[in-house]
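The values are calculated or read from the model by the stated rules, or taken from the named source; none is laboratory data. What you see is a predicted model; the values in this text were computed from it and never measured. With ideal geometry, Cβ positions are generated from the backbone for all residues, glycine too; neighbour counts draw on all protein chains shown. When the accessible area is computed, the model is the full protein with side chains, heavy atoms only, and any ligands, DNA or RNA have been set aside. Shrake-Rupley method; radii C 1.70, N 1.55, O 1.52, S 1.80 Å.
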Amino acid sequence: MARTQVAIIGAGPSGLLLSQLLDLHGIDNVVLERQSRDYVEGRIRAGVLEQGTVDLLIEANVGERLLRERLVHDGFALAFADRTFRIDLKALTGGAVSVYGQTEVTKDLMEARVAAGAKLLFEAGDVSIEGFERDHPAVRYTHEGRTYELSCDFVAGCDGYHGIARRSVPAAAMQTYERVYPFGWLGILADVPPASHELIYSNHARGFAMCSMRSLTRSRYYLQCGLDEKLEAWPDARFWDELRLRLPADVAAALVAGPSIEKSIAPLRSFVVEPLRFGQLFLVGDAAHIVPPAGAKGLNLAAADVRLLFQALVERYRTGRTALLDRYSERCLRRIWMAERFSWWFTSITHKFSDDAFAQRMQLAELEYLTGSTAALTSLAENYVGLPFEGPPGMSSS
Ligand code: RFL
Ligand code: PHB
């Protein structure tokens with residue numbers, strides 16, 4: 001039976017980043033991914049990185065292209081009642097965010113892993129985890145019709161929300177918390193210049209809309225849509241028409257339409273599992289938690305988990321001590337719940353939940369209060385740029 005120190009399930013950003021950091025510290029690991037490399041590299045997802053995530057990518061030696069190509073955004077806009085209000089992240093917090101696609105982060109990590117001769121296996125089927133509650137668990141999988149078994153010290157479940165790692169744990173051993181939202185996001189990617197130089201989150205009577213970007217020549221737009229919507233019902237022309245209707249007039253006038261190069265619908269969900277550790281199995285990233293995308297927190301939370309698990313594994317292999325491994329779950333969860341709260345709240349003030357007139361006036365009052373109060377704006381801004389890695393402000397990290 002083959003052997004490694006850490007078996008990593010999933011080659012999304014969590015799995016690849018963990019693999020890269022462990023390798024840099026001489027910790028042997030194997031990554032097992034269900035999909036092909038092309039499929040993983042082709043997924044379009046997140047676009048906004050917190051500075052803590054950027055710092056971790058630099059520490060992982062994959063920051064070079066990121067630092068060259070990222071767009072640093074000192075602010076973003078909230079649009080409502082046909083007005084646009086700029087949130088000055090720099091003035092409110094001293095910080096900023098980086099616009100650099102998850103697709104690019106994945107490509108950079110993948111290249112670094114392949115160049116380092118990583119044990120990275122694509123199209124690994126039927127992955128299962130055996131005996132994670134005892135020392136030296138094993139991971140079983142199939143590849144090109146044959147079955148293999150990998151013995152390891154630890155298993156990192158980096159296999160996303162639909163993965164097998166979380167589902168390998170008996171339901172009675174965990175507590176899950178979930179909120180499913182009554183709408184989704186219809187996203188489009190197009191090679192057209194962005195309508196605005198900063199991101200815009202727009203609250204509109206027809207539903208939420210947002211303007212984002214991947215570069216100065218590539219735009220990413222989203223529309224709130226029904227859960228039963230079909231992509232076929234959204235030819236490009238309909239998307240652009242609807243987007244213009246949901247944006248303030250000056251932004252709509254500046255919008256440049258063009259053929260989509262990707263279009264997809266994603267449901268929105270808040271989800272957390274507790275704890276994150278089951279014996280020698282550790283859940284990381286989307287395998288353990290999901291946030292609705294409006295706060296731009298998903299990938300950043302995944303990076304924060306990776307950072308803590310990597311530090312804990314380095315301590316374990318350097319000194320034999322397990323103090324950080326023992327605290328992994330508790331340390332991650334503190335930050336996870338803060339990001340859950342922020343993403344849930346930001347979704348609640350920007351999206352259309354119902355035709356209920358009272359609820360709509362409450363939303364408007366909230367947006368008016370928010371944009372008129374430096375205290376409220378500072379709270380929004382400090383969450384958007386990212387809370388400190390060790391937990392919310394004012395909370396001891398001991
Ligand atoms: P991933 O990216 O889902 O990767 C999991 C990997 O595991 C593989 N896998 C398996 N491998 C082996 N065996 C199995 N049985 C397996 N089952 C699954 C999968 O093929 C995959 O390769 O999870 P990871 O690495 O934890 O990364 C999480 C992020 O991808 C996610 O949080 C973000 O994309 C969320 N997100 C955003 N996050 C941000 O920080 N900022 C944003 O601006 C942002 N925008 C978004 C988003 C997510 C979106 N969607 C589509 C949900 C915008 C959208 C529209
Ligand atoms: C994106 O560019 O995909 C994006 C940006 C900000 C968000 C969500 C998604 O809040």
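At-a-glance table
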| read-out | value |
| --- | --- |
| Accessible-area ranking of Phe353, Phe346, Phe122, largest first, probe 1.4 Å | Phe353, Phe122, Phe346 |
| Neighbourhood net charge (15 Å Cβ-Cβ; Lys/Arg +1, Asp/Glu -1) for Glu41 | +1 |
| Sparse-neighbourhood loop sites, GluC sites (Glu not before Pro) in region 58-144 - DSSP loop, at most 10 other Cβ within 10 angstrom | Glu144 |
| Positive-end residue, region 285-398 charge dipole about Cα centroid, Cβ charges, pick of Asn300, Cys332, Ala312 | Ala312 |
| 1.4 Å probe accessible area per residue over the chain, in Å² | 42 Å² |
| Which of Gly207, Gly157, Pro267, positive extreme of dipole for the chain (C-beta unit charges) | Gly157 |
| Of the DSSP H helices in the chain, those whose Cα atoms cover at least 27 Å axially and whose Kyte score averages -1.0 or more | 298-319, 323-350 |
| Carbon/sulfur fraction of accessible area - the chain, other protein chains in place, 1.4 Å, % | 52 percent |
